[in-house]
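Worksheet: one structure, shown below.
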Amino acid sequence: MDMGRFFKSLPILFLGYFIHLAYRNITLHSFLTITTMQSRYFKEEHALFRQSVRQFITREVVPQTEKWETERRIPTAIFRRMGDVGFLGLMYPETYGGTEADFWFSVVFLEELARCGMGGFATAVSVHQFMAINHLYKAGSEELKRKYLVPAIAGKKVAALGISEPNTGSDVSAIRTTAVRSGDYYLVNGTKTFISNGTYGDFITLAVKTSPDEGINGISLLLVELDAPGITRTKLNKMGWHSSDTAEISFDGVSVPVSNLIGTEGSGFYYLMESLQLERLVAGIMAVSGAGVVLEWTLQYLQEREAFGRKIAKFQAIRHTIADVATEVEVAREFVHSTCWKFSEGQNVVKECSMAKLFTSEMQKRVVDTCLQFFGGYGYMEDFPISRAYRDARVGTIAGGTSEIMREIISKIVVDAVDYKKVY
Ligand SMILES: Cc1cc2nc3c(=O)[nH]c(=O)nc-3n(C[C@H](O)[C@H](O)[C@H](O)COP(=O)(O)OP(=O)(O)OC[C@H]3O[C@@H](n4cnc5c(N)ncnc54)[C@H](O)[C@@H]3O)c2cc1C
């Protein structure tokens, strides 16, 4: 075992243990079961952490499902709670309040997040930790990290990521939001749309054109406070992910200090492309876990529901379809875990992350649709979580890069032998 890594992950191990103690409802038997669970990637400390996250979500998130879905948002206090127990800084150094645990702790966290059965909540939290503040950590100045990364890891500030615009999403080079330098400030004008955590977020990592004539070399990232004068936020209504807060945000002459530039001017496109790998891997991890939990609900229902005098689990037509579903989920999980391993080893995984996003989001859509069928009419009822899972899964092949764009990237690598370089 890599002892350096083990010691780095000790704070998480103890954190998990104390959460166990706090909740006091774990039996010695289940404690032993989780601590002895082994896999090629997950060690005992990961199993312990998994149990902690699962308990937190079972206690603090799942009971709120109806409320948050109806209100179309989650309270920002839940970020604070997650920050308090150390869930929001898993990849980030202790100096900024993080735990700097190995990547498998993040994998565990995301898998458990997706099991909550509320895609909107899982998205809000994953966008905050793994997408919006990642750029700040990787390329931001020390001053920016102290001012924004530290409170974000503590859950005191909520972060958003602003790339997509009304006229363009897939083609990032076509963004029109501009940031024109004026003394020690940039003046930002433009509109972003579909922005997760957009209405209640405290700050946004914003993709802007600082040199509109220079194509992708004219794109930069700015950190913008979302209550700045000149910003208007409008909540959007969605088909699913109801508990996530998605907004259109317009910027009308918004003044942003030059010191809020993340990294160097003109490098924004490259930062975005690099971080999209993590974003797509995160989507893959959550898609597999989300599909897996739907399979679990379905297996349970098949044992309860009867038709023609038998449990419906006994019908061969259903059993064989379930066998296909279980196979898809397991194969996807193996591929995603192997990609996580390559990612954690610092390998260039543009192809694998694109494949993981493509395959798992399409798979989740198929799996949820197939499983819903076996709930019969109940599957179509709001009271059954599978109807929410069905709505939530639909966006998987769109948000964070569509399936068509994943195929474009994969074909460029496979057919044209394009070699995407690492940026960070
Ligand atoms: C709920 C939700 C949350 C989101 N959260 C965020 C967020 O927090 N921040 C953010 O910046 N964005 C966010 N997005 C935006 C998301 O990433 C974009 O919707 C996505 O990238 C697609 O962009 P688009 O909607 O503009 O579609 P378009 O780019 O207009 O594409 C339309 C269609 O054309 C296809 N297409 C485009 N180009 C090609 C091509 N070269 N070859 C083949 N087909 C092509 C697409 O695949 C798609 O089917 C979110 C979206 C949703 C729905």
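The values are calculated or read from the model by the stated rules, or taken from the named source; none is laboratory data. Note that the coordinates shown come from a computational prediction; the quantities given were computed from them, not determined experimentally. Note that each Cβ is placed from the backbone with ideal geometry, even for glycine, and that neighbours are counted across all protein chains shown. Ligands, DNA and RNA are stripped out before the accessible areas are found, and what is left, the full protein with its side chains, is counted by its heavy atoms. Shrake-Rupley method; radii C 1.70, N 1.55, O 1.52, S 1.80 Å.
Given (1) surrounded by fewer than 21 Cβ atoms within 10 Å (Cβ to Cβ); (2) closer than 30 Å to Val367 by Cβ; (3) of a type in the set (A, V, I, L, M, F, W, C); (4) more than 14 Å from the chain's Cα centre (by Cα), identify the lone condition not met by Ala291.
Of the numbered conditions (1) surrounded by fewer than 21 Cβ atoms within 10 Å (Cβ to Cβ); (2) closer than 30 Å to Val367 by Cβ; (3) of a type in the set (A, V, I, L, M, F, W, C); (4) more than 14 Å from the chain's Cα centre (by Cα), the odd one out for Ala291 is (1).
Is it the case, given these coordinates, that Val188 is within 28 Å of the chain's Cα centre (by Cα) and either within 14 Å of the ligand (Cβ to nearest atom) or among the aromatic types (Phe, Trp, Tyr) (or both)? Full working, then the answer.
Details: within 28 Å of the chain's Cα centre (by Cα): yes; either within 14 Å of the ligand (Cβ to nearest atom) or among the aromatic types (Phe, Trp, Tyr) (or both): no.
So Val188 does not fit the description; no.
Against the conditions (1) open to solvent by less than 40 Å² (accessible area, probe 1.4 Å); (2) more than 9 Å from the ligand (Cβ to nearest atom); (3) acidic (Asp, Glu), where does Glu143 fall short? Just the number, please.
So Glu143 meets the others, but not (1).
Do we have Glu408 as within 16 Å of the ligand (Cβ to nearest atom), under 20 Å from the mean Cα position of the chain (by Cα) and surrounded by fewer than 20 Cβ atoms within 10 Å (Cβ to Cβ) here? Write out each step before concluding.
On the way: within 16 Å of the ligand (Cβ to nearest atom): yes; under 20 Å from the mean Cα position of the chain (by Cα): no; surrounded by fewer than 20 Cβ atoms within 10 Å (Cβ to Cβ): yes.
Considered against the rule, which asks whether it is within 16 Å of the ligand (Cβ to nearest atom), under 20 Å from the mean Cα position of the chain (by Cα) and surrounded by fewer than 20 Cβ atoms within 10 Å (Cβ to Cβ), Glu408 comes out as no.
What are the residues in the stretch 161-178 that are more than 6 Å from the ligand (Cβ to nearest atom), within 21 Å of the chain's Cα centre (by Cα) and of a type in the set (A, V, I, L, M, F, W, C), if any?
Passing the criteria: only Val172.
Based on what the data block shows, is Asp252 away from the ligand (no atom under 12 Å from the Cβ), open to solvent by 30 Å² or more (accessible area, probe 1.4 Å), in contact with a strand residue (DSSP E or B) (Cβ under 8 Å, 6 or more places away or on another chain) and closer than 14 Å to Ala132 by Cβ? Before you say what the answer is, go through the steps one by one.
Numbers: away from the ligand (no atom under 12 Å from the Cβ): yes; open to solvent by 30 Å² or more (accessible area, probe 1.4 Å): yes; in contact with a strand residue (DSSP E or B) (Cβ under 8 Å, 6 or more places away or on another chain): yes; closer than 14 Å to Ala132 by Cβ: no.
No: the conditions fail for Asp252.
Name the pairs whose Cβ atoms lie under 6 Å apart, with the first residue in the stretch 119-139 and on the phi < 0 side of the Ramachandran plot and among the aromatic types (Phe, Trp, Tyr), the second more than 12 Å from the ligand (Cβ to nearest atom) and not in a helix (DSSP H, G or I), and 6 or more positions between them or separate chains?
If the second residue must be more than 12 Å from the ligand (Cβ to nearest atom) and not in a helix (DSSP H, G or I), the pairs left are Phe121/Ile74; Tyr137/Tyr92.
Please count how many residues of the stretch 80-100 are in contact with a Lys or Arg (Cβ under 8 Å, 6 or more places away or on another chain) and open to solvent by less than 10 Å² (accessible area, probe 1.4 Å).
Looking only at that region, the number is 0.
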